[in-house]
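Report on the structure given below.
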Amino acid sequence: MQHPPAPVIAVIGAGFSGVMTALNILRRSPEVKVILFERRTPVGLGAAYATHNPGHRLNVRAGNMSAWPDQPGHFVAWLRGRNFALGPADFATRADYGRYLQSLVAEIAEGPEGAGRLVVTPDAVVGIEPGGDGWRLRCAMGNAVTAHAVVLALGNPPPALPPGIDTTFAASHAYVADPWRWNAAELPPGPVMLIGTGLTMVDLALSLNDAQHGRPMLALSRRGLAPLEHDGAPPLTLPAPPANDLSPLQAFAWLRRTAAEHGWRTAIDATRPMTQALWRGWSAAQKQAFLRHARPFWEIHRHRLAPQVARRIAAMRATGQLTLAAGKIRKLTLEPDGFALCRWRGRGEQGGYAFRAASVINCTGPTGDILASTDPLIQDLVKRGLARPDPLRLGFDVDESGRVRDVSGQASPTLLAVGPATRGASWEITAVPDIRGQTVAVADTVLAALRP
């Protein structure tokens, strides 16, 4: 009797979300084939771990960076096996974490669990449509691929064009639109303006200083808030987390009380197990209010800097090399000498300032509106009605299992999303400790959908 062909699952995107979804699928099924699409960076790296700069550190301790939820010490054991002098409380480089992920791919793809069942395709998927027993994928290089199921692991989208920058300046040589698709060593010497003061700005400031030591930099954002620092070893035990049915005001009242008793770092860490449940329980209006008023303050406390990184940034600020400012751009123009002239107004001030920069780099973070995405695949999915944005337009509208809802609200059993593309449903879904559990759940869901 002839056996039916093995099911094929396409995973689009090979950053952490895509790689771990693919590997979890292979571990859980002895026959399924996985086609992993990645058009730009090597498999497993994505934008986060493609850096080779040793100054770029993880902002989560090594003890909480295992890729496998059921093996919490896996990453620390991997470090020890390679004679890295790092323990659970230390902060590894992002480049080493990329090597860790690539080692997992090699171990499974070449071992008995996945040999011959993982196909890495260096191409971009630009369109998806129903076809045959599943889906037909159109690739940028003209190929067509069919799969029984598709998982969208698209990672973080590039930043949107900030207010105050017109299309003429955005097209000039002085503007860097995507901070992860350029080389600091290729920039001309001279002052740099960084739009945004979050984690992306921190990485860029370190890279720019390494390329030209002492280079003056101005980092500007609406509030001028920068990420805070990890401090000391984490507590052995955390307070009990808050109830999962608190309103935003009640949640922040709980944070204030817990911070007064245990310190703000411990209070934030104690909240993490309930963050996603709290978010899901809030109304759309409550979520919008959080994004508008509290998000910047939450993020600088929640996404903290490794001590080594914080010390370098503090030293650059102390010498005046790096200035952080709160305000908004009034106008950016390209001067005849090729420099950019930025006129900006301080927050709460009437007067204005001017800053001349050889380069202006967008460090505002991922685009906050999926409908503003320039990704052909996202545009195609929305245009065809196969996907729709969540009510806040932070990502795709998905159900509790990660299945993508179409324009009518129907969730597809074989079209799923994982990672940052599901921000609207989960909010906290950008860090490894949050995503690794989701990749297991999505792997189980898609395999269940393909069982006879």
Checklist entry - If you go through the stretch 245-261 one residue at a time, do you hit one that is touching a residue at least 40 places away in the same chain (Cβ under 8 Å) and touching a His at 6+ places or on another chain (Cβ under 7 Å)? => result no
Checklist outcome for this item: Only one of (1) surrounded by 14 or more Cβ atoms within 10 Å (Cβ to Cβ); (2) at pLDDT 90 or above; (3) over 30 Å from Ala184 (Cβ atoms); (4) among the hydrophobic types (A, V, I, L, M, F, W, C) does not apply to Ala144, and that is (1)
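When you go through Ala14, Ala47, Ala85 one by one, which is the residue that is more than 28 Å from Met201 (Cβ to Cβ), among the hydrophobic types (A, V, I, L, M, F, W, C) and either modelled with pLDDT under 90 or not in a helix (DSSP H, G or I) (or both)? I'd like the intermediate steps shown before the answer.
Values: Ala14 fails: more than 28 Å from Met201 (Cβ to Cβ); Ala47 fails: more than 28 Å from Met201 (Cβ to Cβ).
From the options Ala14, Ala47, Ala85, the qualifying one is Ala85.
Given the criteria buried (at least 21 other Cβ atoms within 10 Å of the Cβ) and under 29 Å from Asp337 (Cβ atoms), does Leu152 qualify? Outline the logic, then answer.
Values: buried (at least 21 other Cβ atoms within 10 Å of the Cβ): yes; under 29 Å from Asp337 (Cβ atoms): no.
Spelling it out, it is not the case that Leu152 is buried (at least 21 other Cβ atoms within 10 Å of the Cβ) and under 29 Å from Asp337 (Cβ atoms).
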Checklist entry - Any idea which of (1) modelled with pLDDT of 95 or more; (2) surrounded by 17 or more Cβ atoms within 10 Å (Cβ to Cβ); (3) in contact with an Asp or Glu (Cβ under 8 Å, 6 or more places away or on another chain) is the one Glu428 doesn't satisfy? => result (1)
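For (1) at pLDDT 95 or above; (2) buried (at least 18 other Cβ atoms within 10 Å of the Cβ), each residue gets a yes or a no:
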position: Ala306; (1), (2): no, yes
position: Leu324; (1), (2): yes, yes
position: Trp344; (1), (2): yes, yes
position: Gly348; (1), (2): no, no
position: Ile361; (1), (2): yes, yes
position: Asp380; (1), (2): yes, no
position: Gly385; (1), (2): yes, no
position: Phe396; (1), (2): yes, yes
Checklist outcome for this item: When the stretch 268-283 is checked residue by residue, the ones that are of a type in the set (A, V, I, L, M) and closer than 10 Å to Pro241 by Cβ are Ala270, Met274, Ala277, Leu278
Checklist entry - In the stretch 51-61, is there at least one residue being touching a strand residue (DSSP E or B) at 6+ places or on another chain (Cβ under 9 Å), open to solvent by less than 30 Å² (accessible area, probe 1.4 Å), within 15 Å of Val11 (Cβ to Cβ) and in contact (Cβ under 8 Å) with a residue 24 or more places away in the chain? => result no
Checklist entry - Of all residues in the stretch 173-195, which are touching a Leu at 6+ places or on another chain (Cβ under 8 Å) and farther than 13 Å from Ala357 by Cα? => result Ala177, Pro179, Ala184
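Could you tell me which of the residues Ala233, Ala211, Ala240 is without any contact (Cβ under 8 Å) to a residue 40 or more places away in the chain, under 30 Å from Pro88 (Cα atoms) and open to solvent by 20 Å² or more (accessible area, probe 1.4 Å)?
Working: Ala233 fails: without any contact (Cβ under 8 Å) to a residue 40 or more places away in the chain; Ala211 fails: under 30 Å from Pro88 (Cα atoms).
Of Ala233, Ala211, Ala240, the one residue that is without any contact (Cβ under 8 Å) to a residue 40 or more places away in the chain, under 30 Å from Pro88 (Cα atoms) and open to solvent by 20 Å² or more (accessible area, probe 1.4 Å) is Ala240.
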Item to check | Arg117 within 22 Å of Ala417 (Cα to Cα), open to solvent by less than 70 Å² (accessible area, probe 1.4 Å) and of a type in the set (Lys, Arg) | outcome: yes
Checklist outcome for this item: When Lys331 is run through (1) within 24 Å of Gly198 (Cβ to Cβ); (2) at pLDDT below 95; (3) not in a strand (DSSP E or B), the failure sits at (3)
Item to check | Qualifying residue in the stretch 284-291 (condition: open to solvent by 20 Å² or more (accessible area, probe 1.4 Å) and either more than 23 Å from the chain's Cα centre (by Cα) or on the phi > 0 side of the Ramachandran plot (or both)) | outcome: yes
Checklist outcome for this item: In the stretch 349-373, residues that are in contact (Cβ under 8 Å) with a residue 40 or more places away in the chain and either within 21 Å of Arg423 (Cβ to Cβ) or of a type in the set (Lys, Arg) (or both) total 12
Next on the checklist: If I go through the stretch 138-154 residue by residue, how many of them are more than 20 Å from Val43 (Cα to Cα), of a type in the set (A, V, I, L, M) and either in contact with a His (Cβ under 8 Å, 6 or more places away or on another chain) or part of a loop (DSSP other than H, G, I, E, B) (or both)?
Outcome noted: 0
Item to check | Residue selected from the stretch 83-106 under the condition surrounded by 16 or more Cβ atoms within 10 Å (Cβ to Cβ) and among the hydrophobic types (A, V, I, L, M, F, W, C), by the criterion nearest to Gly73 (Cα to Cα) | outcome: Leu86
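The values are calculated or read from the model by the stated rules, or taken from the named source; none is laboratory data. For clarity, every value in this text was computed on a predicted model and none was experimentally measured. All Cβ positions, glycine included, derive from the backbone under ideal geometry; neighbour counts span all protein chains shown. Quick note on the areas: whole protein, heavy atoms, side chains included, nothing else; ligands and nucleic acids left out. Shrake-Rupley method; radii C 1.70, N 1.55, O 1.52, S 1.80 Å.
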